[in-house]
Amino acid sequence: MQLVVARIGRAHGIKGEVTVEVRTDEPELRLGPGAVLATEPAATGPLTIEAGRVHSGRLLLRFEGVRDRTAAEALRNTLLIAEVDPEELPEEEDEFYDHQLIDLDVVLADGTEIGRITEISHLPSQDLFIVERPDGSEVMIPFVEEIVTGIDLEEQRAVIAPPPGLIDESEAVIASAREEDEAPGAGEEAPGTEEEAPEAEGEAPGDAGEASRGDG
């Protein structure tokens, strides 16, 4: 089975090095010297890693036969693909390869069907399950232990305990109204005070080869 483990970025320096966007939790294993990687587009590869180093927090790689900046720049945006045994498991217990999670049924603890995982989105802060609902709509579920309470690969399902509003937005409205009713002095405004709602910023989902459950 093939997994995307990195995407080549811009050239670095004049000796053929490139920056890479790592898309694996095991870069030492997948992107070490001597690794032979397929590519997308396929005509660019295969590429053999000659050397690698970390510079200013970014991984730099040099490939055999790539000796100058022009050749390195020609590789920009190429995906690096590793061949992985489908039976192989990540080293950490709470980590999974994307292909293990795709197509899992997502259910509540009582067995209520929520949908099916169609994609894993890897953000800097956490991983997200992109789940297709039975009606064709999509919902994003953070892969954190407070929400994803269990992954059963044998039963092919992920059990979740979503907070109000994650699956059904109307639940968030009801929960919010209940909290306001129960709050002391609800409906009263303190004199001389104003409060603005914070603005939320989102990030575009990305791709990766492995997902790990965070702690929220």
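The HN-Hα couplings worked out from phi for the range 152-159 by the Karplus form 6.51 cos²θ - 1.76 cosθ + 1.60 (θ = phi - 60°) are 10, 6, 5, 7, 6, 8, 10, 9 Hz, whole numbers, x standing for Gly and Pro. For A6, the amide hydrogen comes within under 5 Å of the amide hydrogens of R23, L80, counting only partners 5 or more places away or on other chains and with H modelled in the peptide plane. In units of the rule-of-thumb radius 2.2 N^0.38 Å, the range 1-140 shows an alpha carbon radius of gyration of 1.24. Note on L153 and K15: the extension gain reaches 45.1 nm, defined as 0.36 nm multiplied by sequence separation minus the Cα-Cα distance. Heavy-atom surface analysis with a 1.4 Å probe gives the range 15-90 a carbon and sulfur content of 51 percent of its accessible area. A 1.4 Å probe run over the protein chains yields, for the range 1-157, 54 Å² of accessible area per residue, whole-number rounding.
The values are calculated or read from the model by the stated rules, or taken from the named source; none is laboratory data. Remember, it's a predicted structure, so these values are computed and weren't measured experimentally. Calculation scope for accessible area: heavy atoms of the full protein, side chains included, ligands and nucleic acids excluded. Shrake-Rupley method; radii C 1.70, N 1.55, O 1.52, S 1.80 Å.
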